[in-house]
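Report on the following structure.
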Amino acid sequence: MSYESYLLPPDRLAELLKQAGLVLTARLVEEPAEGAERTFATFLARRPDQS
């Protein structure tokens with residue numbers, strides 16, 4: 001098994017979710033803790049209603 005990981009800024013990732021047709025319903029951005037270098041973000045997205 002192999003995988004690749006990419007570090008993207010939260011705003012860029014949110015834009016990619018929107019471009020993919022998803023509706024962003026929540027976003028939590030955690031600033032780096034003391035001594036850390038990276039910002040962590042958690043997103044909640046859903047597919048739009050298919051009415």
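The values are calculated or read from the model by the stated rules, or taken from the named source; none is laboratory data. Remember, it's a predicted structure, so these values are computed and weren't measured experimentally. As a convention, Cβ positions derive from the backbone with ideal geometry for all residues, glycine included, and neighbour counts pool all protein chains shown. In case anyone asks, the SASA skips ligands and DNA or RNA and just uses the protein heavy atoms, side chains included. Shrake-Rupley method; radii C 1.70, N 1.55, O 1.52, S 1.80 Å.
On a per residue basis, segment 1-44 carries 92 Å² of accessible surface, using protein heavy atoms and a 1.4 Å probe. Its Cα centre serving as origin, the chain has a Cβ charge dipole (Lys and Arg +1, Asp and Glu -1) of approximately 320 debye. Think of the chain as having a plus end and a minus end, set by charges on the Cβ of Lys, Arg, Asp and Glu; of 6, 35, 48, 48 sits farthest toward the positive end of this dipole. One quarter of the surface of the convex hull around the alpha-carbon atoms of the chain equals 5.3 nm², the direction-averaged projected area. Here the accessible area of the chain is 51 percent carbon and sulfur, with a 1.4 angstrom probe and all protein chains present. For residue 31, the solvent-accessible surface computed with a 1.4 Å probe is close to 130 Å², ligands and nucleic acids excluded. Once the chain from residue 42 to residue 29 is taken as fully extended at 0.36 nm per residue, the excess over their C-alpha distance is 4.0 nm.
Taking the longest Cα principal axis of the chain as reference, the axis of helix 10-19 is set at about 20 degrees.
In the chain, helices alone account for a calculated mean residue ellipticity at 222 nm of -6000 deg cm²/dmol, with every DSSP H run of four or more residues adding -39,500 (n - 2.57).
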